[in-house]
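Chemist: Sharing a structure here in structure tokens format.
Readers should treat all values here as calculations from the given coordinates under stated rules, not as data from a laboratory. None of these values were measured; they are calculated from a predicted model. Please note: Cβ atoms are built from the backbone with ideal geometry, for glycine as well, and neighbour counts cover all protein chains shown.
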Amino acid sequence: MKMDELPLARQVDLAFRQMYKELSLLSDGTVFLQIRNNRIGKFGIRHYDSADWSESGNARLPGGLSESQRLAFRNMALEAMKRKTWSHGEIQFEFAIRKGLLTASVHFESNYNMAALDPNVVHV
């Protein structure tokens, strides 16, 4: 089966598996999935490193997501896909470890293209 034939939920699962190691190194950030025609094009993690480079001279290694937290985060993302109603846009999953617990939220963004609109089919 080709990548573009996979259901979107399976694509989300594969994206999270690809980011598995990186998530184990991060204690907060935003996972993003850019979607076009219900296919993931680009995905990744946005992360701000708050280490004070000038004082420490070295990057500190943050405590990242544990295996169970990564699994819970992936499952939350898969569950969120059931609420997506559009075919083009971006989904952002913000996550952070606070007092040892994973907190996460989801942000859906739909995108439309004016050039693709049929002016005769306007819903009012």
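Chemist: Along segment 33-47, what does the Karplus equation 6.51 cos²θ - 1.76 cosθ + 1.60 (θ = phi - 60°) give for ³J(HN,Hα), rounded to whole Hz, x for Gly and Pro?
Modeler: 10, 9, 10, 9, 6, 6, 10, 6, x, 10, 8, x, 10, 9, 8
Chemist: Further question: For the pair ASN113 and GLN18, how long in nm is the line joining their label points, each one 7 Å along Cα→Cβ?
Modeler: 2.1
Chemist: To continue, here is another question. Local charge sum around TYR48 (other residues, Cβ-Cβ under 12 Å, Lys/Arg +1, Asp/Glu -1)?
Modeler: -2
Chemist: Rounded to whole Hz and in sequence order, give me ³J(HN,Hα) for segment 104-118 from the Karplus expression 6.51 cos²θ - 1.76 cosθ + 1.60, θ = phi - 60°, writing x for Gly and Pro.
Modeler: Couplings: 8, 9, 10, 10, 9, 9, 9, 10, 10, 10, 4, 5, 8, 6, 8 Hz.
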